[in-house]
Amino acid sequence: MLGFLKSLFQPQSSSEAAKERLRVVLLSDHLSLAPEVVELLKADLLAVMSKYVEIDERNAEVTFEQRESDFALSASVPILSVKTDRTATYRASVAVGTLHANASEDPIPSAPASPGRRRRRRRNRRLAQIQVASTTIVQASQVQATAQAQAEPLQV
Amino acid sequence: MHERSAESQAAPSAVQPRGRAIVITSGKGGVGKTTTTANVGTALAMRGARVALVDADVGLRNLDIVLGLEARVKYHLLDVLEEKVSLDEALVRDKRSEQLFLLAAAQTREKEEVDTGLMFALIERLRGEFDYVLIDCPAGIEQGFKNAVVGAQDAIVVCTPEVSAVRDADRVVGLLPNAFRPQLIVNRLRLQLVKKGKMLSVDDVNGILRLPLLGVIPDEPDIIVATNKGEPLALNPLSAVGASYRAIAAKLAGDDVEAPQVREKTSFFASLVGLFGGRS
């Protein structure tokens with residue numbers, strides 16, 4: 001009974017803490033990525049993205065998370081505006097170190113841009129969701145992952 | 001040497017029936033590999049199988065102690081590998097079972113002295129003579145681990161519900177040959193602690209390792225008593241731990257058995273629930 005009452009006031013049991021610690025430690029074990037490597041990866045990822053879109057680097061988040069059966073690299077990067085002209089192809093295959101990233105095949109909206117629309121577009125902050133899936137046990141040198149940048153049609 | 005071994009493993013001889021060589025491993029030390037080897041071996045022998053237990057923990061041998069056979073050991077693994085004595089001379093027959101044999105590790109030698117190729121050949125030979133060859137793997141992932149794994153076709157991974165043990169088990173599973181289908185034994189589970197949220201549950205452990213679950217061993221004081229006496233609990237019909245080991249042996253042998261539910265002995269209420277068939 002006392003244990004039950006205690007558990008009401010304890011936000012996290014020690015087994016929950018153990019699970020979380022295991023999750024984090026196995027993540028880096030499996031990916032063989034040191035924290036500084038993750039930082040480098042993040043910097044490269046953002047550098048690649050900023051070739052095509054203007055992004056809000058300060059609010060960009062790159063994290064690893066465990067999913068049902070694998071680990072995923074999740075990047076949440078606020079997009080401030082689209083930089084280049086839309087006739088340019090948005091398929092890009094960019095090698096970042098050993099990580100191979102492919103931009104999505106979805107073409108960006110091809111509506112003719114009036115000056116007014118372009119301004120409104122600038123005001124719209126957009127979020128690009130990137131998910132990089134990996135198998136559970138991979139060496140960093142073998143990671144071949146696909147990043148998908150989803151661009152939704154603009155709603156004004 | 002490894003390459004050659006792998007090849008001959010891939011093409012098993014069709015002529016003679018072969019026993020199964022299974023390595024009992026964990027990565028981390030002190031999680032119960034040796035106790036597991038002794039008990040699963042004993043339980044398999046009780047079922048009528050011919051079983052050889054090989055202590056691959058050269059330099060830190062203990063399997064003979066857990067089995068209560070230390071006084072009978074005259075020769076060891078390295079004596080056989082170096083052809084000082086024959087295999088038959090070095091195999092120690094168990095006190096209680098005529099089906100169970102032990103090949104002890106050398107206590108005063110080092111793991112690096114074991115030749116991987118010779119070890120492979122020895123396990124192959126034992127497979128010709130026994131239904132099961134259980135290899136008690138040393139802790140660690142170095143030479144001793146490699147020598148213990150080289151002749152095996154499969155593995156049992158022993159893990160306790162602790163962060164360090166799960167991490168090491170995860171590492172060891174990644175180092176096993178691809179052909180293996182390792183199975184998991186969760187050892188020293190304390191259900192009361194799990195219920196209170198103070199211990200990782202079997203699902204927590206296996207949610208990470210994702211191996212076929214071979215069995216769960218409750219943490220009971222009689223394990224210590226049994227080790228003190230050198231009598232594996234698998235022999236004790238009244239022990240919950242013994243029942244778990246016997247169920248593991250049955251499962252290994254291919255019987256479709258329901259593993260005994262791990263119950264808390266200490267709680268009267270839990271035993272009552274158990275009596276009426278509830279899942280505790």
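Per residue of chain B, the DSSP helices (runs of n ≥ 4 H) give a summed -39500 (n - 2.57) that works out to -11500 deg cm²/dmol at 222 nm.
Note on B:F180 and B:K195: their simple-model spin labels are 3.6 nm apart, each label 7 Å out from Cα toward Cβ. Here's the picture: a label point sits 7 Å out from the Cα of B:Q143 along the beta-carbon direction, and within the stretch B:82-124 the residues with their amide nitrogen under 11 Å of it are B:110-116. Once the Cα atoms are used to define both axes, helix B:163-175 deviates from the longest principal axis of chain B by about 40 degrees.
Sorting the segments B:222-235, B:92-105 by their mean number of nearby beta carbons within 10 angstrom, highest to lowest, gives B:92-105, B:222-235.
Within the stretch B:114-227, the proportion of C-alpha pairs whose separation exceeds 20 Å stands at 49%.
Across peptide B:189-198, the average count of Cβ atoms from other chains found within 10 Å of a residue's Cβ is 3. Do any of B:K33/B:K74; B:K28/B:K146; B:K111/B:K229; B:K95/B:K146; B:K111/B:K146; A:K19/B:K251 go past 21 Å between their Cα atoms, and which? In this structure, B:K33/B:K74; B:K111/B:K229; B:K95/B:K146; A:K19/B:K251 exceed 21 Å between Cα atoms. Values of log10 I(q)/I(0) for the stretch B:2-275 across q = 0.08 Å⁻¹ run -0.31, by the Debye formula with one identical scatterer at each alpha carbon and no solvent. Projected label points at A:N59 and B:R210, each 7 Å from Cα along the beta carbon direction, are separated by 3.5 nanometres. Within chain B, DSSP assigns beta bridges of which about 5% are antiparallel (rounded to the nearest 5). Note on B:R93 and B:V257: the extension gain reaches 56.1 nm, defined as 0.36 nm multiplied by sequence separation minus the Cα-Cα distance. Taking the square roots of 5 times each eigenvalue of the Cα gyration tensor of the stretch B:35-144, largest first, gives ellipsoid semi-axes of 20, 15, 14 Å. Neighbouring Cβ atoms from other chains, within 10 Å of the Cβ of residues in B:168-180, number 1 on average.
A short reminder: the numbers here are calculations on the coordinates, not readings from a lab. What you see is a predicted model; the values in this text were computed from it and never measured. Cβ coordinates were reconstructed from backbone atoms using ideal geometry, including for glycine residues, and neighbour counts include every protein chain displayed.
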